[in-house]
Structure formats: structure tokens, C-alpha cells
Amino acid sequence: MARFSKAIIDHFTHPKNVGDVPAPDASAHVADPVCGDQVHLSVLVADGRIIEARFRAHGCAAALGTASILTEWILGMEPAALARLDEAAVTGKVGGLTPGQSHCARLAVDVLQALAQDCASRAQGQRT
Ligand SMILES: [Zn+2]
């Protein structure tokens, strides 16, 4: 019966890590062209691991809740690992999404992949 999972309700009503990381090591912004949801993620990376993550999101409650959950979930991960998270992993992590909310899992995967790419390209830039 629940329209939203408990985790999404928790994070939507008490969002974690809202805003921007100052001087981020990587950031990504994605938008859903259909419903207009937007998610911006920025992170700090130290010793090859994400140590801080913050988000800004506009859109439906599921998109906001999912983005907030992401900022806690990805802590301690290697940036390259973000690109391996798929929609099923996101959906499981947020406690389930209804068919009408599944676009939020796709948006999350998109922003994680963009973030992984940004990390990779910045790391390359440092080597040259
Ligand atoms: Zn939405």
C-alpha cells in the first residue's frame, strides 16, 4: 500500500547532505527530460575513496529521497565502483520504487555514472 518506501520517506522528510561540497573533487548534474527531475551531486575523494558527498535535487519526492540516500550510500566507495551500480541496486537500496518512481533509479544511475566519469577525467588531468 505504501506509496513510498520507508527509506525514501525518511530521507525526503529529513534530507541528508544537502548542498554542495566546497571545492569538490568531482561533480555531476543530470536531468530527466520527461518529468523534469534534476539531481546534482558533488563529492570529495581522498585515498581513492569518496569521503564526502552532497546533493541538490529538484523534482518528485522519490527523486529527492533517492538522491539523499545516494550521498550516504556512496561514502567509502571507489569512484570507479559508482559506474557499476545499476538500477536494480539503486531500487533495492532505496527500499523499492513503484513503476511510477522507477525513473528515479535511472536518474540515480545516470548521475553516478557521470560522477565516475568526472572523477576519471580529473584523475587523468592530474597525471599529465
Ligand atoms: Zn520524478
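Computed from the coordinates by the stated procedures, all read-outs in this text should not be read as laboratory data. From a predicted model like this one, the values you see are computed outputs, not experimental measurements. So basically every Cβ, Gly included, is an ideal-geometry build from the backbone, and we count neighbours across all protein chains shown.
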- Could you pull out every whole DSSP H run in the chain that spans at least 30 Å of Cα extent along its own axis and averages -1.0 or higher on the Kyte-Doolittle scale? 102-127
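Can you tell me the length gained on complete extension of the stretch residue 6 to residue 120, counting 0.36 nm per residue apart and subtracting the Cα distance?
That works out to 37.6 nm of additional length.
Give the percent of DSSP beta bridges with both residues in the stretch 6-123 that are antiparallel, rounded to the nearest 5. Working shown, then result.
Numbers: 15 of 16 bridges.
That works out to approximately 95 percent antiparallel.
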- Note on the structure: Computed from every Cα-Cα pair in the chain, P(r) in 10 Å bins starting at 0 and rounded to whole percents is 14, 49, 29, 7, 1, 0
- Query: At residue 80 and residue 46, where each label point lies 7 Å from the Cα along Cα→Cβ, what is the point-to-point distance in nanometres?
  - Reply: 2.2
- Query: With springs only between Cα atoms under 10 Å, which of 118, 32, 47 fluctuates most in a Gaussian network model of the chain?
  - Reply: 47
